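The values are calculated or read from the model by the stated rules, or taken from the named source; none is laboratory data. Everything numeric here is computed off the predicted structure, so don't read it as measured data. Ideal geometry is used to build each Cβ from the backbone, glycine not excepted, and the neighbour counts take in all protein chains shown.
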């Protein structure tokens, strides 16, 4: 019996998607998705379903657009980050990624400054690359220095879907301290086999927004009043978590005066508390009994490495 050529194509695609979704991760024993990653009205393509089943990806909200970006690392497809874009707010609801054996490396990439609209979003969701205008910076969610293992991966962090209107001093001197904590934890293999990261500007509550930016193309982009991070560490099959919730203002830090970690610790909360504040279900692809226990507590000292 001769197999139809189409069968080989299907098999090849399946292998590729498995590599993107599962490559070089340490999810611990028997961690299968709970089947909760999408609601009944969220429709995903087969490749998107594979990515949505990853441990770092929160639940998806109906009506939003789920996209992901990947690059080749040593000839293999490695996920750069994924996000959920809200077309009504013209802003990502969250961005998710991980530090692992493929992605934790620190090269000499630096900042590519490759500003561009997200090619995975339809043009109706493009906001243009122009500056946001005072007092707001184009603030990275997945930071440029989160993706230093590949020039192409770093360039993808400059897509506008990964940008948020952050108060300039907040972006430069406060958010940076939080980013550096994540990078220190993610790059240290002795600290985490894999570090799962979700970042975002909170946009679901209209009353919490600072209003909207009007872009040159007429699009209205939400200005978050709060920002958040949710972190999940796995080390030798054991899980710990922490979250951060902070306001979009300078907190008094400016003129090359960076917020110390002793200050940002006041923003540390449990992932369970962050879920209450945002309505987002983080790390739901953990088995329920593990998820509930891991998300209930946090210890800032564990993460202050």
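Yes/no matrix, rows are residues, columns are (1) on the phi > 0 side of the Ramachandran plot; (2) buried (at least 23 other Cβ atoms within 10 Å of the Cβ); (3) part of a loop (DSSP other than H, G, I, E, B):
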| site | (1), (2), (3) |
| --- | --- |
| 191 | no, no, yes |
| 203 | no, yes, yes |
| 227 | no, yes, no |
| 244 | no, yes, no |
- Task: Sort out which residues of segment 15-74 are in contact with a strand residue (DSSP E or B) (Cβ under 7 Å, 6 or more places away or on another chain), at pLDDT 95 or above and in a loop (DSSP other than H, G, I, E, B), and write them in order of number.
- Result: 44, 55, 56, 57, 58, 60, 61, 64
- Item | Top-ranked residue in segment 252-267 [being crowded, with 19+ Cβ neighbours inside 10 Å and in contact with a helix residue (DSSP H, G or I) (Cβ under 7 Å, 6 or more places away or on another chain); ranked as nearest to residue 202 (Cα to Cα)] | 264
- If you take the residues of segment 157-189 that are touching a helix residue (DSSP H, G or I) at 6+ places or on another chain (Cβ under 8 Å) and in a loop (DSSP other than H, G, I, E, B), which of them is farthest from residue 127 (Cα to Cα)? 174
- surrounded by 15 or more Cβ atoms within 10 Å (Cβ to Cβ) and not in a helix (DSSP H, G or I), is that true of residue 108? no
- Item | Criterion: surrounded by fewer than 23 Cβ atoms within 10 Å (Cβ to Cβ), free of Cβ contacts under 8 Å to residues at least 40 places away in the same chain and under 16 Å from the mean Cα position of the chain (by Cα) - qualifying residue of 148, 180 | 180
- Message: Please determine whether any residue of segment 92-103 is more than 13 Å from the chain's Cα centre (by Cα), in a strand (DSSP E or B) and modelled with pLDDT of 95 or more.
- Response: no
- Message: From the list 231, 286, exactly one residue is touching a residue at least 60 places away in the same chain (Cβ under 8 Å), part of a strand (DSSP E or B) and surrounded by 14 or more Cβ atoms within 10 Å (Cβ to Cβ). Which is it?
- Response: 231
